[in-house]
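Report on one structure; see the data block that follows.
The values are calculated or read from the model by the stated rules, or taken from the named source; none is laboratory data. In this text, all values refer to a predicted model and were calculated from it rather than measured experimentally. Note: ideal-geometry Cβ built from the backbone for every residue, glycine included; neighbour counts use all protein chains shown. Surface areas here come from the heavy atoms of the whole protein model, side chains and all, with no ligands, DNA or RNA. Shrake-Rupley method; radii C 1.70, N 1.55, O 1.52, S 1.80 Å.
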Amino acid sequence: MIAPDPLNYTWWLASRSAGIVALVAVSVSVIIGLMMANGLPNRPGVKRRLVSVHESTALAGLVAIAVHGVTLVGDKFLHPSLSQIAVPFTIDYRPAFTGLGIIAGWLAVILGLSFYARRRIGARLWRRLHRFTILVWALAVVHTLGAGTDAGEVWLRGFMVLTGVPIVFLFLRRILP
């Protein structure tokens, strides 16, 4: 039996890897953001470092999301156009789950970059918009489970549980009295 040549799947492997990196970065950023929103940990000097890591992981997530989408253009199996990668529900491959991923990607861009427009839009509006970040994470998880080729793998599910439990806990702690 001849093993498949990985060079025939370079674009798919690059996209798949970038998608996993995006999920890791967004998950870490959401955990840190929710920790700060909950006032955790409450020690001097920690918040400034957390803000820096939160911003860095969010930006890394945005870059990985862009790479995840753009590298699919070269995929020999999907053959997507740029519009199919940019416009939700237009690609043939699992359109509902892929569409939700595209929506998550655009929301991540809007919410992530809104940090840099905070002074123009006002801190109050920025904070209200920023609360939708949990939706980005949830849509990314649904996209991963529904369209990800590694969705059934124990290591990926384990990672999603490992990050999902604290995210849900911290989110509920934030919104419940």
Could you grab me the full set of residues in the range 150-167 that are in a helix (DSSP H, G or I), of a type outside the set (D, E, K, R) and surrounded by 14 or more Cβ atoms within 10 Å (Cβ to Cβ)?
-> Leu156, Phe159, Met160, Thr163, Gly164, Pro166, Ile167
Restrict the check to the range 39-59 and report whether at least one residue is under 22 Å from Val142 (Cα atoms) and hydroxyl-bearing (Ser, Thr, Tyr).
-> yes
Counting only residues that are aliphatic (A, V, I, L, M), in contact with a helix residue (DSSP H, G or I) (Cβ under 8 Å, 6 or more places away or on another chain) and more than 21 Å from Val168 (Cβ to Cβ), the range 111-128 contains a total of 3
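Any idea which residue in the range 68-112 is farthest from Val24 (Cα to Cα), counting only those that are among the small types (Gly, Ala, Ser) and open to solvent by less than 20 Å² (accessible area, probe 1.4 Å)?
In this case the residue turns out to be Gly99.
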Within the set of pairs 6+ apart or on separate chains, which have a first residue in the range 47-67 that is at pLDDT 95 or above and open to solvent by less than 50 Å² (accessible area, probe 1.4 Å), a second that is assigned to a helix (DSSP H, G or I) and of a type in the set (Asp, Glu), and C-beta atoms under 8 Å apart?
-> none
May I ask you to list the residues in the range 122-140 that are hydrophobic (A, V, I, L, M, F, W, C), open to solvent by 60 Å² or more (accessible area, probe 1.4 Å) and either over 23 Å from Gly101 (Cα atoms) or more than 19 Å from the chain's Cα centre (by Cα) (or both)?
-> Leu125
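Could you check the range 129-147 and list, in sequence order, the residues that are touching a helix residue (DSSP H, G or I) at 6+ places or on another chain (Cβ under 7 Å) and small (Gly, Ala, Ser)?
Within the range 129-147, Ala140, Gly146, Ala147 meet the criteria.
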